[in-house]
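Below is one structure; the comments refer to it alone.
What follows is calculated from the coordinates using simple rules that are stated; it is not laboratory data. Values in this document were obtained by computation on a predicted structure and should not be read as measured data. Virtual Cβ from ideal backbone geometry, glycine too; neighbours counted across all protein chains shown.
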Amino acid sequence: MKKYTLAMLLCGVLANAGGFSPSIQSYIATLKSEAKQANSSFVDFNAKRGEQIFTSKHIGKKGDSISCTSCHGNNLTKNGQNATTNKIIKPLAPSVNKSRLTDTKEVQKWLRRNFKDVYNREGTALEKGDVLYYIQSK
Ligand code: HEC
């Protein structure tokens, strides 16, 4: 019975990882512990909050009003277009672009850069986790 309960718990934990590729799961776990440190009542990331972070406009690094959608578009299963360079950006949604959210280094690099572009500062662990849940859900 105890073993059974443990197995069920473990399944719950894995399911909670939200279908992330194995290579990203440890990054998500790190973000969770950081978020918990910043706020002891933290429970889990939330795709709905992530959507807000992704779609809302802010005065970015260059002083103009910009959002994540300015480059990635509103439909993450479609190509985006870089608002600065006009280059096409392949879809962010892992459902149509299997290479997305598979490389932690790449994800960290772009989150750092892109939060600066839009928020003119780095994202918090909570914000990064929320936005990754949102992208993963697409
Ligand atoms: C000025 C344009 C621009 C803005 C604004 C922007 N991005 Fe990006 N983003 C890029 C480019 C360019 C890449 C790298 C090219 C690629 O991966 O296709 C990228 C890559 C990413 C990746 C890497 C995904 C992967 O696994 O390959 C993530 C995650 C991401 N962006 C999230 C965001 C979030 C969250 C925001 C808002 C805070 C945002 N981006 C705003 C241009 C932008």
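Figures for the structure shown
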quantity	calculated
Dipole magnitude of the chain, debye to nearest 20 (Cβ charges: Lys/Arg +1, Asp/Glu -1, about Cα centre)	220
Prolate/oblate/rounded call for the stretch 84-138, Cα gyration tensor, a/c under 1.5 rounded	oblate
Charge sum, other residues only, whose C-beta stays under 14 Å from N74's C-beta, Lys/Arg counted +1 and Asp/Glu -1	+2
Phi to ³J(HN,Hα) by Karplus 6.51 cos²θ - 1.76 cosθ + 1.60 over the stretch 126-137, Hz, x for Gly, Pro	4, 5, 5, x, 4, 5, 5, 4, 5, 5, 4, 6
The chain - percent relative contact order, Cα under 8 Å, separation 6 or more	32
Among T85, T69, T102, residue whose mean-square fluctuation peaks in a GNM of the chain (springs only between Cα atoms under 10 Å)	T85
Sequence of K48, K138 once ranked by neighbouring C-beta atoms within 10 Å, starting from the fewest	K48, K138
Label-point separation in nm, S95 to N79, each point 7 Å along Cα→Cβ	2.1
Packing-based exposure ordering (other Cβ within 10 Å, fewest first) of S95, S21	S95, S21
Karplus-derived HN-Hα couplings along the stretch 78-94 (A = 6.51, B = -1.76, C = 1.60, θ = phi - 60°), whole Hz, x at Gly and Pro	10, 4, x, 9, 4, 5, 8, 9, 6, 6, 6, 10, 4, x, 7, 5, x
Residue order, fewest to most surrounding Cβ atoms within 10 angstrom, among K32, K109	K109, K32
Cα-based Kirkwood hydrodynamic radius, the chain, one decimal, Å	15.9
Estimated distance in nm for a label pair at T102 and K36, the labels positioned 7 Å out from Cα along Cα-to-Cβ	3.0
